[in-house]
Each structure stands twice: as structure tokens, then as C-alpha cells.
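First the structure, in the form of C-alpha cells, and then the observations on it.
The values are calculated or read from the model by the stated rules, or taken from the named source; none is laboratory data. The shown structure was predicted, so the numbers you read here are calculated from the model rather than taken from an experiment. Methodologically, a virtual Cβ is constructed for each residue, glycine included, from the backbone with ideal geometry; neighbour enumeration extends over all protein chains shown.
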């Protein structure tokens, strides 16, 4: 019996020790596609000249340092896609808004939005675009979301998004001419109404042009960009895979602990009966 107890405890401890190690190597093997049109390298910055019916200004869009989990440690790892403006005569950019984005499989997912007035966090991410891209392909999604107002208070709302790849074309902006650019038509419905605009994405660059026909005919044209190399969290970090590692590890630790307790109790019961 003593030999059985020792073997049982050793096997349980070995399983508990090996599982975190194996999950560390196995889970990242299921990483998403390295997307051509949506590089999410931390530190990437893109600069635009923005114009509308009222004037002109400079816009910067960037992937913020860091990143984090939505819906807790077992949730989804996301990066923050920020937008900032610099008016003529100003020497620094002012933060305007940010979005939460993630990757899964061969798709880019939208998870939320925040500006100075409120933030919206979706219960389920909405698929934005799937690669390889197909002209005419639409991704429609509907999800419940939590709306939190800056002044306080929150409520559950319904968020609807429809994202359509309308064309693949060459586009010229101040930063140059980009071939094989995709034009995405974004349509979103929130309690505030309908949002309708267009974004052009170039391979290995990202967004090079925005057009908001219902927002004073605003247009953002890429002037220059600074790509960040080798800093895609899904390729270069372990953090996005922590939820998967925990899902593997925690049940095994619980089972292993219970097995050790059961073996010890069985051993005591056996010797008590012998006595």
C-alpha cells in the first residue's frame, strides 16, 4: 500500500508540474494568422492630414503601449487603437478616442470604443474583416454591450455592426500610392444612431484613408507612418495566451490536489482497518 501511495502522489505531482509547462509551449501554437492588412504591432503610429467642411487638422492613430484583458483574466487579450488630434498652431496631440481590438484565427475583432463622453465594451467581439479578403464579403454582428458614461452610470445596450469589403484598388495619398488596398464600408447602429463611413487599408501598413460622408465630409489621408517591428503581441508575447494556459492548468491542479488527498485518505483508511 505504501508503494501505491508513493507512486500515486509522484504521478499526481508530476502531472501538476508538467501541465503548466506543456500549456506554455502548446497554447501559443494556436496563434492567429499574421494578418496582412491589420498589423497590430505595439508602438505603430500613422499620421494623417484631416479635412472637413469646416477646416483642417492633423490626426495620429496609434497602437498604445501595453494591452490587457477584457472580461477578466479568463477573457480576451486586446490592444488599444488610439486616435489623437493636433490643431493648426498646436505643438502636441490631444487624445480623442480609442478602440479595443483583438485577433482570432484569421479575423480581426472589434471589442469596444471609448471617448471623453462614454465607453462601450461588447460582451462578444464583432468580426471586422477576415483574411484572405474577398470583395463583397460582409461581416454582420450583433452583441449586447455595457455603456458606461463618463459622468457616472452604466446600462446594457445592443450594438450592431456590419463591415463590408467593397473593393480592392490602388489608392494615392500624400504618403504614396498603395496597390491592393481594400475599401471597407463600416455601418454601426448604437442607441445614439447610425454610424456610416469608409476606411482603406493597405497591405503591411494598415489604414491609409478614412472618409466620413455624414460627418461634415471629413477625410483623413495618410502622410507618413512609423511601423513597429517584431512587437505583435500574438506573435511576440506570451500574454495573449495566458487565458488558454490557465484553462488547461487550473483544472489539472484541482484534480491533482484532490487525487493526492484521496490517496492519503485511502491510505489512512486502509491502515485503520488493519489495526
Number of the exception - residue 222 against (1) buried (at least 19 other Cβ atoms within 10 Å of the Cβ); (2) modelled with pLDDT under 95: (2)
Please go through (1) modelled with pLDDT of 75 or more; (2) within 25 Å of residue 71 (Cβ to Cβ); (3) in contact with a strand residue (DSSP E or B) (Cβ under 6 Å, 6 or more places away or on another chain) for residue 234 and return the number of the only condition it doesn't satisfy. (1)
Please give the number of the condition residue 122 fails out of (1) over 17 Å from the mean Cα position of the chain (by Cα); (2) over 30 Å from residue 49 (Cβ atoms). (1)
Taking only region 72-104 into account, find how many residues are over 12 Å from the mean Cα position of the chain (by Cα) and touching a residue at least 40 places away in the same chain (Cβ under 8 Å). 2
3 or more residues modelled with pLDDT under 90: qualifying strands (runs of 3 or more DSSP E) within region 46-90: 68-70
Being farther than 30 Å from residue 158 by Cβ and without any contact (Cβ under 8 Å) to a residue 12 or more places away in the chain is the filter here; which residues of region 182-236 pass it? 236
Name every residue in region 49-71 that is touching a residue at least 40 places away in the same chain (Cβ under 8 Å) and touching a helix residue (DSSP H, G or I) at 6+ places or on another chain (Cβ under 9 Å), in order of residue number. 67, 69
